[in-house]
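K.L.:
Below is one structure. I have some questions about it.
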Amino acid sequence: MFKQLQKLGKAFMLPIAILPAAGLLLGIGGALSNPNTVAAYPFLDTSFLQAIFQIMSAAGNVVFANLALIMCIGLAVGLATKDKGTAGLAAAVAFLVMNASISAMITVFNPSVESIDTGVVGSIAMGCLVTYLHNRYRAIQLPAFLGFFGGSRFIPIVSSFSAIFVAMIFFLIWPTFQGWLVSAGTAISGMGSIGTFFYGFLLRLTGAVGLHHMIYPMFWYTELGGVATVSGQQVVGAQKIFFAELANPNHVGMFSDGTRFFAGRFATMMFGLPAACLAMYHCVPVKRRKLVFGLFFSAALTSFLTGITEPIEFMFLFVAPWLYVIHALLDGLSFLVADILSIRIGNTFSGGAIDYLLFGVLQGNDKTNWIYVLMVGAVWAVLYYVTFRVLITKFKVATPGRESDGEEVSIETKGTIADTALQVLDALGGRENIEDVDACITRLRVAVKDVSLVDKETIKGLGATAVLEVKGGIQAVFGAKADLIKQKINEVIGEE
């Protein structure tokens, strides 16, 4: 079960990786074409500039409007073992057939229902089903007179027919299930800021094993994150509501309170964790600091700008898991404080400075209360710095640079990605030991046949910040190079 959840979680990263670019287009275009912004900055009021901004806004908005379809395709591509293009095409066709079938069933059997939008739940169901069919039947041989439809051509066909049955199931159960989700969302809202705290705490805690992708999509894209009417259209999910409001030029006042599922990230990612980096750096003996300065600086800068926190978190997660729990508690408190202060900043996929500027500062303090992030962030920087420095020193935590004299500080090796990938492959036990290789934003995720054949120390010596062993698999944190290493390894072993 753990391995399957891991696969599902990392498969989400492919479609989610699209969101920052779409968010940039929508954020810049929507903000600078907003009548209030134009009124405040008259130099923007030219037909040429406004045409550009409106095109940017429309280009970004279409991604979020079709997010469920994109996720369905992304899941199929991410989970398929081979011939991923066919899996993606089959998923797109099956998802469209499912929704068309549901609409037809409503018209024929229950006209009183306006619509059924399964959202990300439908995309997960359809993506997983198509993947199962693809991995099992992509090499199927049919009788000679049907031979043309065999092999990979069979997958879109069988997926489409299967989608009709899936549509029937959703038609029967989804109205009731949707009611439950609304009730659950209402209950979470009824918990107030305490509910927001638990959301932030559990989100960060599960991030230690890469399972946070199983939690936040349910709040960002389903009724758990709220239901709102924007520009006369019903919108479901906290992130979709925020971007619908962002794209609405007539929106006034604060953004939706669904942003409580995002706003707590900024203080931690922009201020808290970079301060923790500084604390870990100051805990390193002076004679060793030059060796680890680049490691800490790049990790802190990545967290501040983009909100990608794993390069920092894996510096202390394995040597002191209890310190990670404290970090999760502090992050939960950040969500709590942001909710109490009504900070209403949305984001694409993370809480770095780019999203903060686009969806906070540029939208105006009267809509987002972005100024409070700087105040909370200053407190959070001090809190993280003091907490980490005191605890690391008191309990002699072996963060980078504080290893015993007999151990070397892990320094990234020089050379090409191809060279590194080949050496990583050897350290994983060779191609014969590999079952599957994939990557998320920063982690190389490998399913191996025999974990005992993996040389973790060699992988660390090749530039991995940390190497995590899970049942049947290895995760190595390589930062932004993880995906490039994955591609080269798959090329070598013939997976792609």
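Read-outs: derived from the displayed coordinates by stated rules, not from any lab. No experiment lies behind these values; they were computed from the predicted model shown. Ideal geometry is used to build each Cβ from the backbone, glycine not excepted, and the neighbour counts take in all protein chains shown.
K.L.:
Mind listing which trypsin sites (Lys or Arg not before Pro) in the range 301-398 are in a DSSP loop and have 15 or fewer other Cβ atoms within 10 Å?
P.N.:
Details: sites: Arg344, Lys367, Arg389, Lys394, Lys396; in loops: Arg344, Lys396.
Sites meeting the loop and neighbour criteria: Lys396.
K.L.:
Then there is this: Starting from the Cα-Cα distance between Leu202 and Ile417, subtract it from 0.36 nm times their residue separation and give me the gain in nm to one decimal.
P.N.:
Using 0.36 nm per residue and subtracting the Cα-Cα distance, I get 73.9 nm.
K.L.:
Taking the Cα-to-Cβ direction at Ala187 and at Ile326 and moving 7 Å from each Cα, how far apart do the two end points lie in nm?
P.N.:
The two pseudo-label positions are separated by 3.4 nm.
K.L.:
How about the range 79-167: which chymotrypsin sites (Phe, Trp or Tyr not before Pro) there are in a DSSP loop, with at most 12 other Cβ atoms within 10 Å of their Cβ?
P.N.:
Listed in order of number, the matching sites amount to none.
K.L.:
Within the range 322-409, list the chymotrypsin sites (Phe, Trp or Tyr not before Pro) lying in a DSSP loop whose Cβ has at most 14 other Cβ atoms in a 10 Å radius.
P.N.:
Counting only loop positions with at most 14 other Cβ atoms within 10 Å, the chymotrypsin sites (Phe, Trp or Tyr not before Pro) in the range 322-409 are Phe395.
K.L.:
Could you list the square roots of 5 times each eigenvalue of the Cα gyration tensor of the range 2-191, that is, the equivalent ellipsoid semi-axes, sorted largest first and rounded to whole Å? Provide the component values of the computation, followed by the final result.
P.N.:
Values: eigenvalues 264, 107, 60 Å².
One finds semi-axes of 36, 23, 17 Å for the range 2-191.
K.L.:
Here is a follow-up. Go ahead and estimate [θ] at 222 nm for the chain from helices alone: -39,500 (n - 2.57) per DSSP H run with n ≥ 4, summed, over the residue count, rounded to 500.
P.N.:
Details: 22 runs with 292 residues, N = 496.
Calculated mean residue ellipticity at 222 nm is -19000 deg cm²/dmol.
K.L.:
Dividing the convex hull volume of the Cα atoms of the range 417-493 by its residue count, what figure in Å³ per residue is obtained?
P.N.:
Output value, Cα hull per residue: 69 Å³.
K.L.:
Just order 66-79, 292-305, 47-60 by mean Cβ neighbour count inside 10 Å, highest at the front, would you?
P.N.:
Going by the mean number of other Cβ atoms within 10 Å, highest first, we get 66-79, 292-305, 47-60.
K.L.:
Neighbour counts of other C-beta atoms within 10 Å: give me Ile371, Ile392, Ile164, Ile116 arranged from fewest to most.
P.N.:
Ranked by crowding around the Cβ, least crowded first: Ile371, Ile164, Ile116, Ile392.
K.L.:
Using every Cα-Cα pair within the chain, state what percent have a distance larger than 33 Å.
P.N.:
Distances greater than 33 Å cover 44 percent of the Cα pairs.
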